Amino acid sequence: MNALMNQVQLIGRLGADAEIKTTSQGTKLSTLRIATNERTKLSNGEWKEITQWHQCVVWGQLNKVVEKFGKKGNQLMIYGSLNYRMYTDSEGTKRTTTEIKVHNILILKNHYVQEEVSTSAEATEDLPF
């Protein structure tokens, strides 16, 4: 058992379409913004829903899934690891960001399936049999 393993598992919805890029070496890279919600009880007894936004990075062949299903509103389960990265912004200020490096994606709800099914159904109506 590896007690010091860096693992992240999230279930959430994409807040925007995935941004897919290709590096100068030809490797595909995409960024996902995933929203997760949790409910908490306030001191006055009321419930409040809190949304957390997570920046996720996908490298390599897994981008085939992102290209097909990386649409706003789709519900995903991602597995990955937590990474911290430093960079210098356009004004010369050093910044630190937290990202999830995605190792695997499971599509839970695809809002575009109905659209794809109806498109394929229309195509078969013209068949003579």
If I filter the stretch 99-114 down to residues being of a type in the set (Val, Ile, Thr) and at pLDDT below 95, which single residue comes out as surrounded by the most Cβ atoms within 10 Å (Cβ to Cβ)?
Ile105
Any residue at all in the stretch 68-78 that is over 13 Å from the mean Cα position of the chain (by Cα) and not in a loop (DSSP other than H, G, I, E, B)?
no
Can you tell me which of Thr27, Thr22, Thr31 is of a type outside the set (A, V, I, L, M, F, W, C) and free of Cβ contacts under 8 Å to residues at least 12 places away in the same chain?
Thr22
Among the residues listed as Leu76, Leu32, the single one being closer than 19 Å to Glu99 by Cα and at pLDDT 95 or above
Leu32
Given the conditions (1) farther than 15 Å from Lys101 by Cβ; (2) part of a strand (DSSP E or B); (3) under 18 Å from the mean Cα position of the chain (by Cα), report the number of the one that Gln55 does not fulfil.
(1)
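In the stretch 24-48, what residues are exposed (fewer than 13 other Cβ atoms within 10 Å of the Cβ), over 16 Å from Val66 (Cα atoms) and of a type outside the set (Lys, Arg)?
Answer for the stretch 24-48, where residues must be exposed (fewer than 13 other Cβ atoms within 10 Å of the Cβ), over 16 Å from Val66 (Cα atoms) and of a type outside the set (Lys, Arg): Ser24, Gln25, Gly26, Asn37, Glu38, Thr40, Leu42, Ser43, Asn44, Gly45, Glu46, Trp47.
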Given the criteria of a type in the set (A, V, I, L, M), surrounded by 14 or more Cβ atoms within 10 Å (Cβ to Cβ), at pLDDT 95 or above and within 25 Å of Val8 (Cα to Cα), does Val57 qualify?
yes
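The values are calculated or read from the model by the stated rules, or taken from the named source; none is laboratory data. These numbers come from a predicted model, not from an experiment. All Cβ positions, even for glycine, are placed from backbone atoms using ideal geometry, and neighbour counts span all protein chains on display.
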